[in-house]
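Student: Questions regarding the structure given below will be posed in turn.
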Amino acid sequence: DRQTLVAVLQFLRRSNLRESEEILRREARLLGDDLGGNVATVATSSPGVAAVAAVPPGKGEARGAAGSVPSGGNPGKWGACLLLAASGALRCAGTQGSVSGAVVVEDQPDVSAVLSAYNQQGDPTLYEEYYSGLKHFIECSLDCHRAELSQLFYPLFVHMYLELVYNQHESEAKSFFERFHGDQECYYQDDLRVLSSLTKKEHMKGNETMLDFRTSKFVLRISRDSYQLLKRHLQEKQNNQIWNIVQEHLYIDIFDGMPRSKQQIDAMVGSLAGEAKREANKAKVFFGLLKEPEFDVPLDDEDEEGENEEGKPKKKKPKKDNVGSKSKKQDPNAPPQNRIPLPELKDSDKLDKVMNMKEAARRVRLGPECLPSICFYTFLNAYQGLTAVDITDDSSMIVGGFADSTVRVWSVTPKKLRSVKTAADLSLIDKESDDVLERIMDEKTASELKILYGHSGPVYGTSFSPDRNYLLSCSEDGTVRLWSLQTFTCLVGYKGHNYPVWDTQFSPYGYYFVSGGHDRVARLWATDHYQPLRIFAGHLADVTCTRFHPNSNYIATGSADRTIRLWDVLNGNCVRIFTGHKGPIHSLAFSPNGRFLATGATDGRVLLWDIGHGLMVGELKGHTDTIYALRFSRDGEILASGSMDNTVRLWDAVKAFEDLETDDFTTATGHINLPENSQDLLLGTYMTKSTPVVHLHFTRRNLLLAAGAYSSQ
């Protein structure tokens, strides 16, 4: 019975027979759970061993233990509480019946609390043995389980190494790292480089990457059969060290069904925190397009959501919105029209929509047999360092953001850029005349180029408003600026990010815009508010790129943590997490019908995602360097990608998205089956002489415009 057990355990402890005590405690399952009415578990100074002290009911003293249990308390509760002493969260006073400092605050990633979880550690000399034992077991298991269980190597390697470093076993840590780091997958090389520089406990305090690794559980998706196999092995071997890490630091998302193959796993892993939990992609997403407003112009069957909003038919980035449903009926997957408040259409917006429809009528229908012409804008002698480009939806202006902190706007048409006259000149104008809007513009200062000064660091993102009246720019100086394209002056500086802002983009309907930066959050703003309306927090590293969904109800963000997240503008929730890229994400593009998302990263791959089902549905391989630009043609038939490898590639989007297998089983378990060869989808590769491609844009008639700065290597 329990009392006898406790007495025997105490005897073993007094006789210093630690190992026997450990074995007995394990056999009797007295591992710190409620040990019964009169026993508390108290952490002692010897690593990895907890003393079990008997407490006679009603007495306030714990004999032979390093702490005490208040009389009348619930000893079971204290048993659990005192265990926390192992993580340094609790200090036990003498035997006065009081526990001082026993305030356990959960869920606070306070640096010392986070790191102290590494205190419960075993014999440092056995770590290599534990790890190689597990490695041997996995490598000898059946092929079907081996691929799934191999996912454990990396997170266990990192946590065991950090545990050794934290407990100051520096030489053991070094030899553990050297022996096993070569076994890790190639896409973790950058993380391992950071890890190898952490060789002392002090280094861990300020290292954000490692803190993230500590605070967020690494997610592994494993079939029930493989998991049972692992559990049985660790219990038979009594390999507590590894079992503790699995339980404390990993989140195993178990599914019923066939184990996944190596290819299926490789396609989905690689992010900083493992895969997304399946639960993360279950929420309903309204990916359909909003209904076009009715007005008295013969609407063409094609420009559908395109016109989306503020007159200026969707702004260039959203340009994709253009096509989509083609019918005037409400899309069943669309959000309610008033789900989020959108700005009213002005007369000028309606005019612009009419223009857009006329252009759309002359649009070229693209396809494998009819590829677009490509017009490349090369920035020559850009000694200032070109860091961002944007083109207006109607392709009339192009803007460059530069490393010398300037923003330069060019007219791409014969029409020069004119600003409004000075106040003195304006007072002389007859306000009743028919051409008053022409008269207020100053011809004397008209030019092809306007330079905007105001930022105090490189400009990393630029975005024209859909109505072409405003321009956004974001910079290393931590601000987002709104410029007027009537006066070419800065109207507002939005301060919210404390660090560099990497990207910003206007909503397809204007008014709202999003920004993302080094502080790991994306912020949603409205042009008339100084403070952000929403803060989207969840990424574990810089938010490197941001994009509005064509219906403006959602925002996609790509991050250096190698994941893409989709956020709901209405409530700020994260409704999708996509993992699979092996490097930071640098480009995002929604398909014009709102159903799909294309993403590009430093790994040179373009991944395609089905937003409704939350699944990866394609992988386009071909680029050999970072992909900085992605854009769908106006009707969604072609996907263009531009890269640092100096090429533009065109892909057959229709073929990529047809016959998708999105049955319930695939959706539930993530058994994705990607076509082996993406070369069938590649329609063309176009080399520049020596110009990395940083921006792509389809005009309203489907001419492809590309931009980049010539680099003379």
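Student: Looking at Q241, is it open to solvent by 40 Å² or more (accessible area, probe 1.4 Å), of a type outside the set (D, E, K, R) and in the same structural domain as D225 (by the TED database)? Talk me through it step by step, then tell me what you get.
Tutor: Details: open to solvent by 40 Å² or more (accessible area, probe 1.4 Å): no; of a type outside the set (D, E, K, R): yes; in the same structural domain as D225 (by the TED database): yes.
Considered against the rule, which asks whether it is open to solvent by 40 Å² or more (accessible area, probe 1.4 Å), of a type outside the set (D, E, K, R) and in the same structural domain as D225 (by the TED database), Q241 comes out as no.
Student: Kindly establish whether D190 is surrounded by fewer than 17 Cβ atoms within 10 Å (Cβ to Cβ), in the same structural domain as Q247 (by the TED database) and within 17 Å of Y127 (Cα to Cα).
Tutor: Numbers: surrounded by fewer than 17 Cβ atoms within 10 Å (Cβ to Cβ): yes; in the same structural domain as Q247 (by the TED database): yes; within 17 Å of Y127 (Cα to Cα): no.
Considered against the rule, which asks whether it is surrounded by fewer than 17 Cβ atoms within 10 Å (Cβ to Cβ), in the same structural domain as Q247 (by the TED database) and within 17 Å of Y127 (Cα to Cα), D190 comes out as no.
Student: Same structure, new question: Could you figure out which of (1) surrounded by 13 or more Cβ atoms within 10 Å (Cβ to Cβ); (2) among the aromatic types (F, W, Y); (3) on the phi < 0 side of the Ramachandran plot isn't true of F488?
Tutor: Going through (1) surrounded by 13 or more Cβ atoms within 10 Å (Cβ to Cβ); (2) among the aromatic types (F, W, Y); (3) on the phi < 0 side of the Ramachandran plot one by one, F488 breaks only (3).
Student: Taking interchain pairs and intrachain pairs at least six residues apart, which have beta carbon atoms under 7 angstrom, with the first residue in region 629-641 and charged (D, E, K, R) and the second surrounded by fewer than 24 Cβ atoms within 10 Å (Cβ to Cβ) and not in a loop (DSSP other than H, G, I, E, B)?
Tutor: From region 629-641, the pairs are E637/G367; E637/V654.
Student: May I ask you to list the residues in region 495-506 that are modelled with pLDDT of 95 or more and buried (at least 20 other Cβ atoms within 10 Å of the Cβ)?
Tutor: The answer is V501, W502, D503, T504, Q505, F506.
Student: Might you check whether a residue that is touching a His at 6+ places or on another chain (Cβ under 7 Å), open to solvent by 10 Å² or more (accessible area, probe 1.4 Å) and under 23 Å from A280 (Cβ atoms) occurs anywhere in region 524-535?
Tutor: Taking region 524-535 as the starting set, the residues that turn out to be touching a His at 6+ places or on another chain (Cβ under 7 Å) are none.
No, region 524-535 contains no residue that is touching a His at 6+ places or on another chain (Cβ under 7 Å), open to solvent by 10 Å² or more (accessible area, probe 1.4 Å) and under 23 Å from A280 (Cβ atoms).
Student: Okay, moving on. Restricting the first residue to region 266-281 and requiring it to be farther than 17 Å from H249 by Cα, which pairs with a second residue that is open to solvent by less than 20 Å² (accessible area, probe 1.4 Å) and hydroxyl-bearing (S, T, Y) meet a Cβ separation below 6 Å and a spacing of at least six or different chains?
Tutor: M268/T579
Student: So G594 passes all but one of these: (1) out of contact with any Lys or Arg (no Cβ under 7 Å at 6 or more places or on another chain); (2) assigned to a strand (DSSP E or B); (3) of a type outside the set (S, T, N, Q); (4) open to solvent by less than 10 Å² (accessible area, probe 1.4 Å). Which condition number does it fail?
Tutor: The number of the failed condition is (2).
Student: Let me ask something else about it. Looking at K315, is it in a loop (DSSP other than H, G, I, E, B) and either at pLDDT below 85 or open to solvent by 40 Å² or more (accessible area, probe 1.4 Å) (or both)? Break it down stepwise before answering.
Tutor: Working: in a loop (DSSP other than H, G, I, E, B): yes; either at pLDDT below 85 or open to solvent by 40 Å² or more (accessible area, probe 1.4 Å) (or both): yes.
It is true that K315 is in a loop (DSSP other than H, G, I, E, B) and either at pLDDT below 85 or open to solvent by 40 Å² or more (accessible area, probe 1.4 Å) (or both).
Student: Taking region 437-452, which residues are of a type in the set (A, V, I, L, M), in contact with a Ser or Thr (Cβ under 9 Å, 6 or more places away or on another chain) and closer than 14 Å to A424 by Cβ?
Tutor: None - no residue of region 437-452 is of a type in the set (A, V, I, L, M), in contact with a Ser or Thr (Cβ under 9 Å, 6 or more places away or on another chain) and closer than 14 Å to A424 by Cβ, so the list stays empty.
Student: Another question, then. For E438, indicate whether it is open to solvent by 60 Å² or more (accessible area, probe 1.4 Å) and over 27 Å from L533 (Cβ atoms). Break it down stepwise before answering.
Tutor: Values: open to solvent by 60 Å² or more (accessible area, probe 1.4 Å): yes; over 27 Å from L533 (Cβ atoms): yes.
Taking the combined requirement at face value, the residue satisfies it.
Student: Got a sec? Which of T413, T422 is modelled with pLDDT under 85, over 30 Å from the mean Cα position of the chain (by Cα), open to solvent by 50 Å² or more (accessible area, probe 1.4 Å) and not small (G, A, S)? Give the derivation first.
Tutor: Details: T413 fails: modelled with pLDDT under 85.
Checking each option against the conditions leaves just T422.
Student: Evaluate region 420-430: report whether one residue or more is of a type in the set (K, R) and over 20 Å from V480 (Cα atoms). Break it down stepwise before answering.
Tutor: Going through region 420-430, the residues of a type in the set (K, R) turn out to be 421.
Then keep just the ones that are over 20 Å from V480 (Cα atoms); that gives 421.
The answer is yes, given that some residue of region 420-430 is of a type in the set (K, R) and over 20 Å from V480 (Cα atoms).
Student: Against the conditions (1) surrounded by fewer than 11 Cβ atoms within 10 Å (Cβ to Cβ); (2) within 23 Å of G493 (Cβ to Cβ), where does D404 fall short? Just the number, please.
Tutor: (1)
The values are calculated or read from the model by the stated rules, or taken from the named source; none is laboratory data. Please read all numbers here as calculations on a predicted model, not as lab measurements. Every residue, glycine among them, receives a Cβ derived from its backbone with ideal geometry; neighbour counts consider all protein chains shown. Calculation scope for accessible area: heavy atoms of the full protein, side chains included, ligands and nucleic acids excluded. Shrake-Rupley method; radii C 1.70, N 1.55, O 1.52, S 1.80 Å.
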